[in-house]
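The values are calculated or read from the model by the stated rules, or taken from the named source; none is laboratory data. Remember, predicted model here, so these are calculated numbers, not experimental data. Using ideal geometry, Cβ is built from the backbone for each residue, glycine included, and neighbour counts are taken over all protein chains shown. Heavy atoms of the whole protein, side chains included, go into the accessibility calculation; ligands, DNA and RNA do not. Shrake-Rupley method; radii C 1.70, N 1.55, O 1.52, S 1.80 Å.
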Amino acid sequence: MSDSPEVPGLAAAAPFTAADVELLERRCLHQGFFRLEALQLRHRLFEGGWSGTMTREVHRRHDAVGVLLYDVERDAVVLVEQFRAGALDDPVSPWKLEVVAGLVERGESPAEVARRESLEEAGAPVGELIKLHSYYPSPGACDERVTLFCGLVDSEGLGGVHGLDEEHEDIRVHVLPFVRAWELLQAGRLDNAMCLIALHWLAAERASLRARR
């Protein structure tokens, strides 16, 4: 039995794979903490034949992990707040409320990253770790793949400022009742993909998690 549900209409044609792309050139435009490449390629078309040659810039990143910390007993979530350079022109603030997150280093599993980052960013040891989704945040321009978890924690005593000095991290921890976090989401304050996806998942699963007590 297949693990993936069938999607109506997709069975009518063979799926395209990486073999249906001809990569003509890969050129490095910038190499810093992340890498920017220019690709020249062409690919097969749905109606047959091949596309013309095109150039696409791809931002190559490490894969990432996000973990929403949830205290079942207190019905509370643990969020972190920090400066984000990509939000520098945000009309409200470049300081963002987020779930704990980090990059996957060579040899690490996503679950190991989730537990490590929960300690580093929030001082929170994680008990049960529940995998939610793996997804591409922006596959049109970035190869990053995100794995998202919910980590069950005891939020008593959590708070303060955390992070690694060598990574220039200045991370403030917030413990919020779920209903308050949901109000912030509805008000547009929680405006990043990890937070939105994880909190919508928790809204659907919260009752069953609490029933397990």
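Here the stretch 64-104 is treated with +1 on each Lys and Arg Cβ and -1 on each Asp and Glu Cβ, and its dipole about the Cα centre works out to around 120 debye. From Cα pairs below 8 angstrom and at least 6 apart in sequence, can you work out the relative contact order of the chain, rounded to a whole percent? Computed over the chain, the figure is 19 percent.
Expressed as a whole percent, the accessible area of the chain that falls on carbon and sulfur atoms is 53 (1.4 Å probe). Taking every C-alpha pair closer than 8 Å and separated by at least 6 residues, the mean separation divided by the residue count of the stretch 66-132 gives a relative contact order of 28 percent.
Only one residue of LEU176, LEU119, ASN192 has its Cα farthest out toward the positive end of the dipole of the chain, where Lys and Arg carry +1 and Asp and Glu -1 on Cβ, and that residue is ASN192. Applying Stokes-Einstein at 25 °C and 0.890 mPa s to the Kirkwood radius of the stretch 64-129, computed over alpha-carbon pairs, gives a translational diffusion coefficient of 189 µm² s⁻¹. Solvent exposure of the chain amounts to 61 Å² per residue of accessible area, where only protein heavy atoms count and the probe is 1.4 Å.
When the alpha carbon coordinates of the chain are projected onto the principal axes, the ranges are 61, 45, 38 Å, largest first.
Here r is the Cβ-Cβ distance between LEU29 and ALA187 and R0 is 30 Å; the resulting FRET efficiency, rounded to 0.05, is 0.20.
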